[in-house]
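Working notes, structure below.
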Amino acid sequence: MTQKSLSLQEILDGQIILIDKPLHWSSFQTVNKLKWAILKKYKIKKIKIGHAGTLDPLATGLLIICTGKFTKKIQQIQDAPKGYTGVITLGAATPSYDMETQVNITFPTEHITAELVKKARMQFLGKIEQQPPIFSALKKDGKRLYEFAREGKDIEIKARTVYIETLNFQTDKLPNTLPFEVYCSKGTYIRSLADSFGRALQSGGFLSELRRIKIGEFSVENALSPDDFITKYIDNG
C-alpha cells in the first residue's frame, strides 16, 4: 500500500489490511471501525469487508481484514499456520483457561523448574489432541459453547487434532509466570494449551497474556493500529 489514501476502486478491487488489534477490542469492533470510516469517507451505503480469524478481546496483535473482492481470500488466510507470544500464569486455573473468568482453584508451584518445563514441553510438539475450552464460540447442537458454560451446563466436547510446530519458553520468571512463543496449525486454542501445560507441570496454569504475531506469511510487524490505518490510508487527502 502507498502513503496516499486508498481510492474507492482500490478498496472494491480488494485490499488485505494488516491491523494490530488493541487490547479489549473485539474483532468485530475492529472491522466495524474500518467499515464505518470507509462508508463515511466515500459516501457509500455498503462495502464487503471481513476479518480472517478472530482474536479474543483479551488478545492483541495481528488481525487481517479483507475488503471487496479479496473477501474471497478470507478462508485461505484463516487456514494458514499462526504464531503467538504470550504468558502462562502458573499455580492457578480458571474455567475459561484465561482471564475472562476468575481463578477457581490454586496449586503449588515450588516444584516447577526449568528442567521440568523442558521435559513437559516434549509432550506438546507435533500432532496433539486438544480439548477446546467450554468458553469458546464453537457450536454444539446449534448453540455456542460459551452459552452452555454461562448456563452452568456440563457438556461433552470432542477433542480435536492440532499441530504444534515450535513451542519455546522463557524460564527466568519461574515459578510464577512462563512467557512463551508458539507456532501452530489453524484451530489451535492457546488457552487450552496454557491449561494443559499447567497440568503437565503437576500444577495449574491459565493464559494471562496473548499476542498474535503471524498468520502465514503476514506479520504483525507490518500492521497498523485501526486509528493509524484510517489516518494514513482513508482520511489522508
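Residues that are touching a residue at least 24 places away in the same chain (Cβ under 8 Å), under 26 Å from Val162 (Cα atoms) and not in a helix (DSSP H, G or I): does region 24-31 have at least one?
We begin by selecting, within region 24-31, every residue touching a residue at least 24 places away in the same chain (Cβ under 8 Å); these are 24-27, 30-31.
Now drop any that are not under 26 Å from Val162 (Cα atoms), which leaves 26-27.
Narrowing the set further to residues that are not in a helix (DSSP H, G or I) leaves 26.
Looking for residues that are touching a residue at least 24 places away in the same chain (Cβ under 8 Å), under 26 Å from Val162 (Cα atoms) and not in a helix (DSSP H, G or I), one finds at least one in region 24-31, hence yes.
Just to verify a result, which residue in region 32-65, among those that are part of a helix (DSSP H, G or I) and either in contact with a strand residue (DSSP E or B) (Cβ under 7 Å, 6 or more places away or on another chain) or among the hydrophobic types (A, V, I, L, M, F, W, C) (or both), is farthest from Phe206 (Cα to Cα)?
Residues of region 32-65 part of a helix (DSSP H, G or I): 32-42.
This time we only want the ones that are either in contact with a strand residue (DSSP E or B) (Cβ under 7 Å, 6 or more places away or on another chain) or among the hydrophobic types (A, V, I, L, M, F, W, C) (or both), so: 34-39.
Working: Leu34: 32, Lys35: 34, Trp36: 36, Ala37: 37, Ile38: 38, Leu39: 40 Å.
Top of the filtered list is Leu39.
Considering region 42-87 alone, what residues qualify as being closer than 24 Å to Leu6 by Cβ and of a type in the set (D, E, K, R)?
Scanning region 42-87 gives Lys43, Lys45, Lys46, Lys48, Lys69, Lys72, Lys73.
Find all pairs meeting these conditions: Cβ atoms under 6 angstrom apart; at least six residues apart or on different chains; first residue within region 57-69 and surrounded by fewer than 22 Cβ atoms within 10 Å (Cβ to Cβ); second residue among the polar types (S, T, N, Q).
That search, which allows pairs on different chains as well, returns Pro57/Ser26.
I need the full set of residues from region 41-56 which are free of Cβ contacts under 8 Å to residues at least 24 places away in the same chain and surrounded by 17 or more Cβ atoms within 10 Å (Cβ to Cβ), in order please.
Ile49, the sole residue that qualifies.
Going by the structure shown, is Leu62 among the hydrophobic types (A, V, I, L, M, F, W, C) and within 30 Å of Pro175 (Cβ to Cβ)?
Working: among the hydrophobic types (A, V, I, L, M, F, W, C): yes; within 30 Å of Pro175 (Cβ to Cβ): no.
When the stated conditions are applied, Leu62 does not pass them.
I'm trying to understand the selection: among the residues of region 196-226, which are open to solvent by 30 Å² or more (accessible area, probe 1.4 Å), under 17 Å from Cys66 (Cα atoms) and not small (Gly, Ala, Ser)?
Correct list: Lys214, Glu217, Phe218, Asn222, Leu224.
Of all residues in region 2-28, count the ones that are more than 20 Å from Pro57 (Cβ to Cβ) and exposed (fewer than 14 other Cβ atoms within 10 Å of the Cβ).
Qualifying residue count, region 2-28: 6.
When you scan region 29-40, do you find a residue that is open to solvent by 70 Å² or more (accessible area, probe 1.4 Å) and modelled with pLDDT under 95, even just one?
Taking region 29-40 first, the residues open to solvent by 70 Å² or more (accessible area, probe 1.4 Å) are 29, 33, 36, 40.
From the residues that got through so far, the ones that are modelled with pLDDT under 95 too are none.
Within region 29-40, none of the residues are open to solvent by 70 Å² or more (accessible area, probe 1.4 Å) and modelled with pLDDT under 95.
Is one or more of the residues making up region 96-115 assigned to a strand (DSSP E or B), closer than 22 Å to Glu181 by Cβ and open to solvent by less than 40 Å² (accessible area, probe 1.4 Å)? Please lay out each step first, then the result.
If we filter region 96-115 for residues that are assigned to a strand (DSSP E or B), which is where we start, we get 98, 105-106.
Applying the additional criterion that residues be closer than 22 Å to Glu181 by Cβ yields 98.
Next, from what is left, pick out any that are open to solvent by less than 40 Å² (accessible area, probe 1.4 Å): 98.
Yes: one or more hits.
Give the residue that is farthest from the chain's Cα centre (by Cα), with candidates limited to residues of region 184-237 that are assigned to a loop (DSSP other than H, G, I, E, B) and farther than 24 Å from His51 by Cα.
The initial filter retains those residues of region 184-237 that are assigned to a loop (DSSP other than H, G, I, E, B), namely 185-189, 201-204, 216-217, 223, 225, 235-237.
Now drop any that are not farther than 24 Å from His51 by Cα, which leaves 201-204, 237.
On the way: Leu201: 24, Gln202: 26, Ser203: 24, Gly204: 21, Gly237: 34 Å.
Here the answer is Gly237.
If a residue has to be of a type in the set (A, V, I, L, M, F, W, C) and within 21 Å of Ser96 (Cβ to Cβ) to count, how many in region 3-59 make the cut?
Residues of region 3-59 that are of a type in the set (A, V, I, L, M, F, W, C), as a first pass: 6, 8, 11-12, 16-19, 23, 25, 28, 31, 34, 36-39, 44, 47, 49, 52, 55, 58-59.
Still in the list and also within 21 Å of Ser96 (Cβ to Cβ): 23, 25, 28, 55, 58-59.
So the answer is 6.
Somewhere in region 180-191, is a residue over 19 Å from Leu116 (Cα atoms), in contact with a Phe, Trp or Tyr (Cβ under 6 Å, 6 or more places away or on another chain) and of a type in the set (A, V, I, L, M)?
Our first condition is that a residue be over 19 Å from Leu116 (Cα atoms); within region 180-191, this holds for 183-191.
Within this subset, residues satisfying the condition of being in contact with a Phe, Trp or Tyr (Cβ under 6 Å, 6 or more places away or on another chain) are 185, 190-191.
Narrowing further to those that are of a type in the set (A, V, I, L, M): 190.
There is at least one residue in region 180-191 that is over 19 Å from Leu116 (Cα atoms), in contact with a Phe, Trp or Tyr (Cβ under 6 Å, 6 or more places away or on another chain) and of a type in the set (A, V, I, L, M).
For region 7-21, indicate whether the set of residues that are part of a loop (DSSP other than H, G, I, E, B) and in contact (Cβ under 8 Å) with a residue 24 or more places away in the chain is non-empty. Talk me through it step by step, then tell me what you get.
From region 7-21, those part of a loop (DSSP other than H, G, I, E, B) are 7, 14-15; that's our starting set.
Adding the requirement that they be in contact (Cβ under 8 Å) with a residue 24 or more places away in the chain leaves 14-15.
Looking for residues that are part of a loop (DSSP other than H, G, I, E, B) and in contact (Cβ under 8 Å) with a residue 24 or more places away in the chain, one finds at least one in region 7-21, hence yes.
The values are calculated or read from the model by the stated rules, or taken from the named source; none is laboratory data. Only a predicted model underlies this, so the values are computations on that prediction, with no experimental measurement involved. Backbone-built Cβ (ideal geometry, glycine too); neighbour counts: all protein chains shown. Keep in mind that these areas ignore ligands, DNA and RNA; they rest on the heavy atoms of the full protein, side chains included. Shrake-Rupley method; radii C 1.70, N 1.55, O 1.52, S 1.80 Å.
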